Amino acid sequence: MRYLLLIITVYLAAVIDTTVVDAVRVGHLTPDLLSMVALIWLLTASGPGAFLAAGVIGLLGDLVGPGPAGLGMAGMLLIGYAVMRLRARFLLENLPAQLAVIWIGGTVFTLLLATGHWTSGATCQPRFALLGRALGAGFYTAGVSLPVLMVVGWIGEPYRARHRRRAEF
């Protein structure tokens, strides 16, 4: 059931990312909804292979967006592996930690894509402009993900309460 929900969410994010996202553009910044879905999946999914689903989402983003295929997949696999290692070491259940992970992950993902496009010659913008836009896009993506993370937290709250009660016995 979770994978069906993931497929529907990824499809809706891809459709919104390619059609409606220009309506929420602020200057040159737009939120990256596919990376947001992948990062939220990494923060909420259990199991060691959750980052593979994030890599598939990155590949879908490559197929939908401009540029060479494979760059987004590789970037999302690296970020997914890093997030899974962070989840193993730190408690990332609270909202500020999740927002920080999405901001940093979105920034790194956007910076990896921009660097790949810059080195391939697809864009001719200065490197510092790419860094500023990556920071802004990561922040914007984290801001858009705030209501989604709140809803995901509300949905998961009954499960966590039952889990805490069982641990007390």
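Here is how the numbers come out for the structure above:
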| item | result |
| --- | --- |
| Residues satisfying the stated conditions in segment 109-129, i.e. of a type in the set (V, I, T) and surrounded by 18 or more Cβ atoms within 10 Å (Cβ to Cβ) | T110 |
| Pairs with Cβ under 9 Å, 6+ apart, first in segment 105-126 and within 20 Å of L43 (Cβ to Cβ), second outside any helix (DSSP H, G or I) | G106/P31; G106/D32; F109/D32; T110/D32 |
| Complete set of residues in segment 11-54 that are out of contact with any Lys or Arg (no Cβ under 9 Å at 6 or more places or on another chain), under 30 Å from L91 (Cβ atoms), outside any helix (DSSP H, G or I) and not charged (D, E, K, R) | P31, S46, G47, P48, G49 |
| Qualifying residue in segment 6-23 (condition: over 30 Å from Q125 (Cβ atoms), surrounded by 11 or more Cβ atoms within 10 Å (Cβ to Cβ) and touching a Phe, Trp or Tyr at 6+ places or on another chain (Cβ under 9 Å)) | yes |
| Test: residue in segment 105-119 that is touching a strand residue (DSSP E or B) at 6+ places or on another chain (Cβ under 6 Å) and more than 16 Å from I79 (Cβ to Cβ) | no |
| Residue within segment 30-44 that is farther than 19 Å from L12 by Cα, aliphatic (A, V, I, L, M) and modelled with pLDDT under 90 present | no |
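Quick grid of which residues meet (1) modelled with pLDDT of 90 or more; (2) surrounded by 14 or more Cβ atoms within 10 Å (Cβ to Cβ); (3) of a type in the set (D, E); (4) closer than 20 Å to G55 by Cβ:
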position	(1), (2), (3), (4)
V83	yes, yes, no, yes
I102	yes, yes, no, yes
L131	no, yes, no, no
F139	yes, yes, no, no
G153	no, yes, no, no
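The values are calculated or read from the model by the stated rules, or taken from the named source; none is laboratory data. Every value quoted in this text rests on a predicted model; they were computed, and no experiment measured them. Cβ atoms come from the backbone with ideal geometry, glycine included; neighbour counts cover every protein chain shown.
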